[in-house]
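Report on the structure given below.
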Amino acid sequence: MITLEHVTKVYPSNRGEVTAVNDVSLHIQEGEIFGIIGYSGAGKSSLIRLLNGLEKPTKGNVIVAGRNIANIKGKELRQARQEIGMIFQHFNLLWSRTVRENIAFPLEIAGVPKEERLKRVDELIQLVGLEGREHAYPSQLSGGQKQRVGIARALANNPKVLLCDEATSALDPQTTDSILDLLVDINKRLGLTIVLITHEMHVIRKICDRVAVMENGKIVEEGEVLHVFRQPQQTITKRFVQQITEPEETKETIAHLLQQYSTGKVVQLTFVGEAAEQPLMTKLIRQFQLNINILQGKISQTHHGSYGVLFIHMDGSDEDIERALAFIRQQQVEVEVVTNE
Amino acid sequence: MNNLFPNVQWETIWAATSETLYMTGVAVAATFVLGLILGLLLFLTSKGNIWENKIANTVISAFVNIFRSIPFIILIILLIPFTKLIVGTILGANAALPALIIGAAPFYARMVEIALREIDKGVIEAAKAMGATTAQIIWKVLIPESLPALISGITVTAIALVGYTAMAGVVGAGGLGNLAYLEGFQRNHNDVTFVATVLILVIVFIIQFIGDFVTSKIDKR
Ligand SMILES: Nc1ncnc2c1ncn2[C@@H]1O[C@H](COP(=O)(O)OP(=O)(O)O)[C@@H](O)[C@H]1O
Ligand SMILES: [Mg+2]
């Protein structure tokens, strides 16, 4: 559905040039939810804006739904844009229009006749769950409701692709989750391809099929979400994964525990997919002569199964501990013995 | 009434009032349109906007600044040949219009430009992302989103225009200013000057009231 071929975006500026996107190649399949994560300034917004021609690439091709966005303009570009919806961090609604009128706006642009417009707006209001708020102005809506209007508006012309630029970054955690649920729902119901950028791993975890990690204008890592969670390669990816698996205080707690337990081993277990649902602890205690102490743990749901991290302390003979570790590895669980460096 | 204002001829007063209203009304309408066009051009040709064009922006900006800086009374004199050419005379209400419009439009154009700059860039971008044409962006985004500021701007401009008509009156344009000067000041009839002044104030208050009312009515922010 979307293919980027060696795409580079350079902005001229007073203090020399800024390379916001640096030789990025990507392929995004039809119907998938693709996430791009990176810190502020990584070039995420520049990248997503290339997809609907809000920015033109300095080099490379940007092919969306069969059209090379990089070299079309005028009418053709405007038509292509009607097939690419976009939602924004700050919603970007027209304050002078009601919910209904905001949703009707892209339909007016596309020249949809009035009667059809009214019908379509009603459908969209239902789709995003805004019944009863049709005649409110944006200033009378909560952040979550505003983003729902943004989503309805983006979907009005039945686009093939939905671009989300930090769509939940201005929302509180609960509202974020409800908007993410809505996006998944839309993705399933309409078979829409969704590209979203974010700096929150939580968003990637919750709804994405695949993820790309962006740093200094480059995609440094890319893959299926669960896979990337299990085996992050780059330091930056590891840090993002830690955002959701390890609560802030984990490191300190573990260091403290290592001092406390003079015998045995502190082990970090990483479960992915089905492994997370097995009664591993029960098996360990039954089969080995070990004392097992659960120190800290967290299991998160991803779009494709669960993912969890557990810190345990195992105490017993060295032999038993080694055998237990070997057993755990057989269960497709990543094991890392935590030491005090 | 006649004792209080012995020199006031009410028919003359009403005729002068309606002349003032006519000059103000036509000038406000023309200023609104012309100022809006100039303001839009100033905005659209500025850096980072749809028709970004440094030369055009500099030229329009210079034109606006020059005409905005010329004191109105001097502008009237400078425009005499031009007025004669297009109106055929330099006396009467219509003769005041070119100077009124040329004096007020650049003033209003700057207010339009400022109003447009206040619009959230993200909203314009959202419209672009939906595939809007420039005309659609102007009519459906720029003007509606800046409308309260455009209305309060034209209110201020209209009040300034009432003042301008009075000045134009002194040099022969008719209206309440003309009456106050010829009948009131030159013949030393203070009651006429007083009535003309009160009527001008009433017009100003009414304009201000309507402007404030409309602005608050349409502002949904
Ligand atoms: N229009 C622009 N002109 C000049 N530099 C820009 C422009 N837009 C973005 N940049 C620069 O490009 C880099 C990437 O920005 P951006 O794409 O917004 O990153 P992100 O969305 O990941 O925070 C930053 O260094 C930013 O300053
Ligand atoms: Mg950004």
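What follows is calculated from the coordinates using simple rules that are stated; it is not laboratory data. If you're wondering where the values come from, they're calculated on a predicted model, not measured in any experiment. All Cβ positions, glycine included, derive from the backbone under ideal geometry; neighbour counts span all protein chains shown.
Ranking B:LEU179, B:THR31, B:ALA160 by how far each Cα lies toward the positive end of the dipole of region B:10-218 (charges on Cβ) leaves B:THR31 at the top. The loop-placed GluC sites (Glu not before Pro) in region B:1-108, going by DSSP, that have at most 13 neighbouring Cβ atoms within 10 Å of their Cβ come out as B:GLU52.
Under the simplified labelling scheme, the B:PHE82-A:LEU118 pair shows an inter-label distance of 4.9 nm, with each label point 7 Å from Cα along Cα→Cβ.
Report, in deg cm²/dmol and to the nearest 500, the calculated mean residue ellipticity at 222 nm for chain B, where each DSSP H run with n ≥ 4 adds -39500 (n - 2.57) and the sum is divided by the residue count.
Numbers: 9 runs with 160 residues, N = 221.
The helix contribution divided over chain B gives -24500 deg cm²/dmol.
Cross-link partners for B:LYS217 among the lysines, with Cα-Cα distance under 20 Å and sequence neighbours closer than 8 places in the same chain left out: B:LYS140.
Couplings for region A:209-220, taken from phi via the Karplus curve 6.51 cos²θ - 1.76 cosθ + 1.60 with θ = phi - 60°, read 8, 10, 9, 10, 9, 10, 8, 6, x, 10, 7, 9 Hz in order; Gly and Pro are left as x.
Taking Rh as the Kirkwood radius, which is the inverse of the mean 1/r over Cα pairs, what is the Rg/Rh value for region A:249-340?
Over the Cα atoms of region A:249-340, Rg/Rh equals 0.96.
Model label sites at A:SER139 and B:GLU125, defined 7 Å from Cα along the beta-carbon direction, differ in position by 2.4 nm.
For chain A, adding -39500 (n - 2.57) for each run of n ≥ 4 DSSP H residues and dividing by the number of residues yields -11500 deg cm²/dmol at 222 nm. The alpha-carbon atoms of region A:2-243 define a convex hull whose volume equals 132 cubic angstrom per residue. Length gained on full extension, A:THR263 to A:GLN332, computed as 0.36 nm times the residue gap minus the Cα-Cα distance: 22.2 nm. The modelled label-to-label distance between A:HIS304 and B:PHE5, using points 7 Å beyond Cα along the C-beta direction, is 8.7 nm.
Beta-bridge orientation, the protein assembly as shown: approximately 70 percent antiparallel, per DSSP, counting only bridges with both partners inside. The phi torsions of region B:129-134, fed into the Karplus equation with coefficients 6.51, -1.76 and 1.60 and a -60° offset, translate into couplings of 5, 7, x, 6, 7, 4 Hz, rounded to whole numbers, with Gly and Pro shown as x.
Within the listed set A:VAL267, A:VAL149, A:VAL184, the Gaussian network model of chain A (springs between alpha-carbon atoms below 10 Å) gives the highest mean-square fluctuation for A:VAL267.
Considering only B:ASN49, B:ASN65, B:ASN190, the mean-square fluctuation computed in a Gaussian network model of chain B, springs between alpha carbons under 10 angstrom, is largest for B:ASN49.
Straight-line cross-link reach from A:LYS9 at under 25 Å between alpha-carbon atoms covers these lysines, not counting any fewer than eight positions away in the same chain: A:LYS44, A:LYS56, A:LYS59, A:LYS73, A:LYS75, A:LYS160, A:LYS218, B:LYS47, B:LYS54, B:LYS121, B:LYS128. So if we plug the beta-carbon distance of A:GLN278 and A:LYS218 into 1/(1 + (r/R0)^6) with R0 = 30 Å, what FRET efficiency do we get, rounded to 0.05? Calculated transfer efficiency: 0.20.
Averaged over A:91-99, how many beta carbons belonging to a partner chain fall within 10 Å of each residue's beta carbon?
Mean partner shielding for this stretch: 6.
For chain B, modelled as a GNM whose springs connect Cα atoms under 10 angstrom apart, the maximal fluctuation among B:THR134, B:THR17, B:THR165 occurs at B:THR134.
The ranking of B:SER216, A:SER306 by Cβ neighbour count inside 10 Å, starting from the fewest, reads B:SER216, A:SER306.
Let a ≥ b ≥ c be the square roots of the eigenvalues of the Cα gyration tensor of region A:145-272; is it rounded (a/c under 1.5), or, if not, prolate (a/b larger than b/c) or oblate?
Values: a/c = 2.74, a/b = 2.15, b/c = 1.27.
Judged from the Cα gyration tensor, region A:145-272 comes out prolate (a/c at least 1.5, a/b above b/c).
3J(HN,Hα) along region A:40-49, derived from phi through the Karplus expression 6.51 cos²θ - 1.76 cosθ + 1.60 where θ = phi - 60°, amounts to 4, x, 5, x, 5, 5, 4, 5, 5, 6 Hz, with x in place of Gly and Pro. With Cα atoms defining each centre, region B:1-67 and region A:161-205 are spaced 49 Å apart in the structure.
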